[in-house]
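Heads up: the structure comes next, in structure tokens.
The values are calculated or read from the model by the stated rules, or taken from the named source; none is laboratory data. All figures in this text were calculated on a predicted structure; none of them were measured in a lab. Neighbour counts run over all protein chains shown; Cβ positions are idealised from the backbone, glycine included. Calculation scope for accessible area: heavy atoms of the full protein, side chains included, ligands and nucleic acids excluded. Shrake-Rupley method; radii C 1.70, N 1.55, O 1.52, S 1.80 Å.
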Amino acid sequence: MKFLSPVLPAAPERRDDFSALAAALAQEQEPLSGALVERAVLTGQDLSGLILEGVCLRNCRLTGCDLSGAQLTDVVFQDCDLSGSRFADGVWQRCALEDCKALGGDFRQCGTQHVSFTACKLACANFSGQRVRYARWSKCDLQGASMASCQWKQVELLDCSLSGVSFFQTPLSGLDLTSCRLEGLILSQDGGELRGAVVDRWQAAELAKRMGLVIRE
């Protein structure tokens, strides 16, 4: 899969004022570009429409914030807590989340291209209705997350916990799920979402039980 990584400036400008500045930038629709943001703490703030370009956020806490409609291009989140925040209806291009936590995060209806989640805690996050091209979830905990009604092209799920994930009306054809945990998937009644997905024989036995099949040894 041809996957593009975020492009960050070689010498980003440190912005220690991000916590105070972010809301004003969002309100004025002014982009923050070429910046390094460390240890910023924002709770419950309205940051809807925030525009970030070439920004690295490291060890930050943005919890319970509203970032709906945010436009993120070449953005990296490292060791950040985004739990309970809303990113719905945003546009993400060449973004990466590494060792982050976004428990119950709302990513519904986002349009994303070349976005990766690595070693992230994403339990109960909502990715429903996303339009995705080139995305990768690797070593992530997605237990109880919703990935329903998505349009996916060139997506990878690698060594993830997908227990209780809803893939309702999201076609998984061609997706290799052999490295993932699949217990308790939420699917349509006939399990048609799984048609064409790649699973191993143990996963196939578990999924067969889900669809009411009896397997004899």
Candidates per trypsin sites (Lys or Arg not before Pro) in region 1-95, loop by DSSP, up to 10 other Cβ within 10 Å
Lys2
Can you spot the aspartates and glutamates whose alpha carbon is less than 20 Å from Lys2's alpha carbon? Ignore those fewer than 8 places along the same chain.
Asp74, Glu98, Glu156, Asp159, Asp176
What accessible area, in Å² to the nearest ten, does a 1.4 Å probe give for Asp46?
100
If each DSSP helix of 4+ residues adds -39,500 (n - 2.57) and the sum is divided by the residues in the chain, what number results at 222 nm, nearest 500 deg cm²/dmol?
-3000 deg cm²/dmol
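Would you please give the FRET efficiency between Asn59 and Gln151, computed as 1/(1 + (r/R0)^6) with r the Cβ-Cβ distance and R0 = 30 Å, to the nearest 0.05? The partial results should precede the final answer.
Working: r = 34 Å, r/R0 = 1.12.
Efficiency computed from Cβ-Cβ geometry: 0.35.
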For Cα pairs less than 8 Å apart in space and 6+ apart in sequence, what is the mean separation divided by the residue count of the chain, i.e. the relative contact order in percent?
11
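How large a share of the accessible area of region 75-154, in percent, is made up of carbon and sulfur atoms when the probe is 1.4 Å and the other protein chains stay in place? Don't jump to the answer; show the numbers that get you there.
Values: 1200 of 2920 Å².
The nonpolar share, carbon plus sulfur, comes to 41 percent.
Which of the three applies to region 30-104, rounded, prolate or oblate, going by the alpha-carbon gyration tensor with a ≥ b ≥ c and a/c under 1.5 meaning rounded? Walk me through the numbers on the way to the answer.
Details: a/c = 1.39, a/b = 1.08, b/c = 1.29.
In terms of gyration-tensor shape, rounded.
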Which one, Gln93, Val37, Gly49, is farthest towards the positive end of the dipole of the chain when Lys and Arg carry +1 and Asp and Glu -1 on their Cβ?
Gln93
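Per residue, how much accessible surface does region 87-166 expose to a 1.4 Å probe? Answer in Å², no decimals.
36
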Accessible area of Ser149, 1.4 Å probe, to the nearest 10 Å²?
60
